[in-house]
1. How tilted is helix 151-163 with respect to the longest principal axis of the chain? Cα atoms for both, answer in degrees (0 to 90, nearest 10).
2. For the range 41-88, taking Cα atoms only, what is the radius of gyration to one decimal and the Dmax to the nearest whole Å?
3. Sorted by mean Cβ packing within 10 Å, highest first, what order do the peptides 160-169, 233-242, 133-142 take?
4. Using only helices, what value at 222 nm comes out for the chain when you add -39,500 (n - 2.57) per DSSP H run of length 4 or more and divide by the total residues, to the nearest 500 deg cm²/dmol?
5. Between residue 12 and residue 178, what length in nm is gained on full extension when 0.36 nm per residue of separation is reduced by their alpha carbon distance?
6. Where the centroid of each part is defined by its Cα atoms, how far is the range 174-198 from the range 24-85 in Å?
7. Treat the range 124-282 as a sphere of radius equal to its Kirkwood radius over Cα pairs and apply Stokes-Einstein at 10 °C in a medium of 1.306 mPa s; give the translational diffusion coefficient in µm²/s, rounded to a whole number.
8. Mean shadow of the range 186-276, computed from the convex hull of its alpha carbons, in nm²?
């Protein structure tokens, strides 16, 4: 595995690979790797000649009251995991190289961001699309892999790729879960022992909602209330949101039909966790 720290070198390497007819699979991350990231690498390895992973904690997607400085980092551990999982090129730029001058243009998300996590994080998805636009130009991948735990992010990025004709195919990958159903996340490390026992109820509440829909329930507010009651009775978490929307448009539903997402965000004492399920309703 080769580690690259400068964007110009990474771009030159990508050009060389393309000239040799090699396909590039790209896994963008913010590091502190877990099984979810490694699952993306394994899938990318099956489908491409070369796998590139980036590790970059992007300051543009953190708000003034969010945890940019506290975001967990362990580069040496990440390097070991990336290499043993089969990453060929590990791109670890620093902030000054990625943003070497004040931006003269601004990317702004206007759809799919005014819901779920976007409601309370103004500017967050602007930062996401900005860094990914840069990374797509630097790495020049044929395919880019994203976990669906961050389903809103995937929807927003898919919109950007379609709008601006990026020559990259986005590959969504199902959420990786622990045996108890908890979605793996870098922030799970912040959960207390009691919270770790309670956190699997997030996924259980999603399954409850899905079961109600499959049994014929159609009232969105009634289903959301059942999920909220389930979480309140089984966890100490504060509920940020529970919502049922069309996917990937992320629009409110008058009737439950088509492809939908049931999404949840909760706040434990030191960790905000998100989860969702996406499925089709006839």
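FYI, it's all coordinate maths here, none of it is from the lab. Just so we're clear, the structure is a prediction, and the values are computed from it rather than from any experiment. No Cβ is skipped: glycine too gets one built from the backbone with ideal geometry, and neighbour counts run over all protein chains shown.
1. 50 degrees
2. My reading of the Cα-based Rg and Dmax gives 13.9, 41 Å.
3. In decreasing order of mean packing, 160-169, 233-242, 133-142 become 133-142, 233-242, 160-169.
4. Counting only the DSSP helices, I get -11500 deg cm²/dmol.
5. 55.9 nm
6. Centre-to-centre (Cα) distance: 18 Å.
7. Value of D from the Cα-based Kirkwood radius: 94 µm²/s.
8. That works out to 5.8 nm², a quarter of the Cα hull's surface.
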